[in-house]
1. For segment 338-387, which trypsin sites (Lys or Arg not before Pro) are in a loop by DSSP, counting at most 10 other Cβ atoms within 10 Å?
2. Compute the length gained on full extension between Asn132 and Arg152: take 0.36 nm times their separation in residues and subtract their Cα-Cα distance, giving the result in nm to one decimal.
3. Exposure proxy check: Asp97, Asp404 ranked by fewest other beta carbons within 10 Å?
4. R0 = 45 Å: FRET efficiency of Glu53 with Ser369, Cβ-based, nearest 0.05?
5. What list of ³J(HN,Hα) couplings, whole Hz, do you get for segment 66-83 from phi and the Karplus terms 6.51, -1.76, 1.60, once you set θ to phi - 60° and write x for glycine and proline?
6. Residues in segment 107-148, backbone N under 11 Å from the label point at Asn82 (7 Å along the Cα-to-beta-carbon vector): list them, ranges by number please.
7. Which ordering of His377, His76 is given by a fewest-first count of other beta-carbon atoms within 10 Å?
8. Which is farthest toward the positive dipole end of segment 52-151 among Val138, Val88, Asn122, measuring Cα position about the Cα centre, with Cβ charges +1 (Lys, Arg) and -1 (Asp, Glu)?
Amino acid sequence: MGTCFSGKRMIKIYFWISITILFASCGESVQVEAPIQLPSSQDTIVPEKPIFEYGFCLDSFEVHRGEIKQDWTLSHLLLPFNVSQLVVNEASERSKDSLVDLSYITTGKNYMMLCDKMDTANTLQYCIYDKNIYEYVVFDFTDSVRVYKVERPVEEEEKQLTGIIKKGSNLSNEIQAACKDIGVTSELVTKVAQTFAWSIDFFRLYPEDKFKVIYDEKSVEGKVSGTGRIKALFFEHKGKTHYAFAYNQDDKLGYYDEEGNSNKSLFLMAPLKYTRMSSPYSKRRFHPVQKRWKAHLGTDYAASKGTPIWATADGTVIAATYSKNNGYYVKLKHNKVYTTQYLHMSKIAKGMKKGRTVLQGETIGYVGSTGLATGPHVCYRFWKNGKQIDHRKEVHHSSEPLEDEHIEEYLKFIEPLKKQLDEMAYPQHEETESLEVDSLL
């Protein structure tokens, strides 16, 4: 039997079907709607860290960098940044203050200019001049002119070094081979030579001479910058051993051997900083200017023109003058036994005149080639009881020993240092025949 629906009933059926479809579609849309997602850590924007240099946040400035050019003055540096000449002059005067100690700027040094970022005139606020690895100078133009020096923090670390003088080599070469830093090499060679300046002739080293050094190495911002104090030192020269330990006696630093004797003696072994012995004392030498054989009763040390010449011992000036053969020279009387003379100077040091008292190590003149000389050097002459002798063969005893009340404390102090030195191993290389090496460089 068929079913028959009236028109009104059909309308109701269509209405309910429509309502059902509508709710079904609404429910479906709710189910597929994507949830609200929070940004993940990967999508988070991390702000850049501010950049600091010389204590300034560079993000706040317009930054200009450069190097000092040849012959520049502060005017060359500051005038392009709208600093008036009047202000430049004031900055120059303030930079010469003893607390800043900046008389001039040096070619090749770095500088940085910090200008106002919001100022279209690019007004200079700070100028930073990198004076050296240890310090920089700040010129502050934000208000009145202010100039100040900032010292970078220096760290020190104990280091140790050993070496053996090889045939044809010298102290500089061996230290350089060990530490690999030319700046450290120069300082360390100088300090080693100065420590044993009274007892070892560094112009006449021998192959198989040996050395050991315990010293402090300086660094600034992680970069090696030089050397500090030598704490302990050992040198074996021609089979003879020499020790030196740094020790403060009554707040005065000195170097003493393993028994408490001072490493100082009456005379320095040479009258200038390490260099090269160009001609030794000799009873018969061919003169390079006069072209004939004659005695050379002195020792020639070649060095750059202007190298300071030292008094090798305390004494009194008995001559400071010029002669045709000797050029500019100074002669010193040390006591009733010893007299020394220093020839061929480029100039005599200021204040050197007859009767003047000088101290050991004091600069009395500067290396030159005046008189009968083919190149810059100092001819060092040495008299004992009125007779010229080879100063390198003269033996001088230690001076200024430790006071008795300090000996026990000193020996206890150096015990671990001496043990450390004795246990330090030498680099390995083949032995060489014993021939003199006449230069540190």
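Read-outs: derived from the displayed coordinates by stated rules, not from any lab. These numbers were taken from a predicted model, which means no experiment stands behind them. Backbone-built Cβ (ideal geometry, glycine too); neighbour counts: all protein chains shown.
1. Passing sites in segment 338-387 are Lys350.
2. 6.2 nm
3. The fewest-first ordering by Cβ neighbours comes to Asp404, Asp97.
4. After rounding, the FRET efficiency stands at 0.40.
5. Coupling constants for segment 66-83: x, 10, 5, 8, 4, 6, 6, 10, 4, 4, 4, 6, 9, 4, x, 10, 6, 9 Hz.
6. Within reach of a label on Asn82: 115-125.
7. By the 10 Å Cβ count, ascending, the order reads His76, His377.
8. Ranked along the dipole, the leading option is Val88.
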